[in-house]
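Just so you know, all these numbers are worked out from the coordinates, no wet-lab data involved. Small disclaimer: the values here were computed from a predicted structure and weren't measured. Backbone-built Cβ (ideal geometry, glycine too); neighbour counts: all protein chains shown.
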Amino acid sequence: MRGFDLRVVSYAIDDAQLLTAEVQAEYARRYGGDGDISPIDLHQFDAPGGHFVMAYVDDVPAAMGGWRRGGPAGESDAEIKRMFVRPAFARRGLARAILAELERTAAAAGITRLVLETGTAQPEAIALYESSGYATIPAFGFYADYDDSVHLAKPLMPA
């Protein structure tokens, strides 16, 4: 038994918003300012244009992540957003499990590449993505002109 369960949820649910507030506070601590200021609609992750998942440990929300269709190559891309593991649940494989689920569901939806933006103040995120096959791509999107942004992508195998 892996000790957690993954649940497909709406990004609009209270648990997702609780973890979003926590990750925003962490971004503010690491980068200053108000955290991630890129615009996100609560329903961007709803099917068929997206997918959102949360990991629960003993029914406690522990981690989250999602993808939304669109990226530098248009509708064949999807962007990973809101990847976060609460510190109390770190080092349990939750981030890798969520990332694998996002890759699986994106490929099943016909997405051919996942893209993402993270930052230089998040070396653990960069290490996770690089060890999972993500590579540097040209800057794109909201944070394209930020010097502390890191832009990564991974091609997906068709489902």
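Laid out as a table, the results:
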| item | result |
| --- | --- |
| Vicinal HN-Hα couplings computed from phi for region 138-146 (Karplus, 6.51 cos²θ - 1.76 cosθ + 1.60; Hz; Gly/Pro x) | x, 4, 8, x, 4, 9, 4, 9, 8 |
| Leading residue at positive end of dipole, the chain (Cβ point charges), from ILE80, ALA25, LEU99 | LEU99 |
| Surrounding net charge for VAL9, when Lys and Arg each add one and Asp and Glu each subtract one, Cβ distance under 15 Å | -2 |
| Net length gained if the chain between ASP41 and ALA108 were fully extended (0.36 nm per residue, minus Cα distance) | 21.8 nm |
| Cleavage-rule hits, trypsin sites (Lys or Arg not before Pro), region 53-101, DSSP coil, Cβ neighbours within 10 Å at most 14 | ARG91 |
| Rounded to the nearest 20 debye, dipole of the chain from Cβ charges on Lys, Arg, Asp, Glu | 500 |
| Relative contact order for region 1-142, counting Cα pairs under 8 Å that sit 6 or more residues apart, in percent | 20 |
| Dipole of region 30-90, positive end: most advanced residue of GLY35, HIS51, ALA90 [Cβ charges, Cα centre] | ALA90 |
| Kyte-Doolittle at least -1.0, axis length at least 24 Å by Cα - qualifying DSSP helices, the chain | 14-31 |
| Fully extended contour minus Cα-Cα distance, from GLN17 to GLU130, at 0.36 nm per residue | 37.9 nm |
| Calculated Rg and Dmax of the Cα atoms in Å (choose from [x] 14.6, 44; [y] 15.7, 51; [z] 23.8, 97), label | [x] |
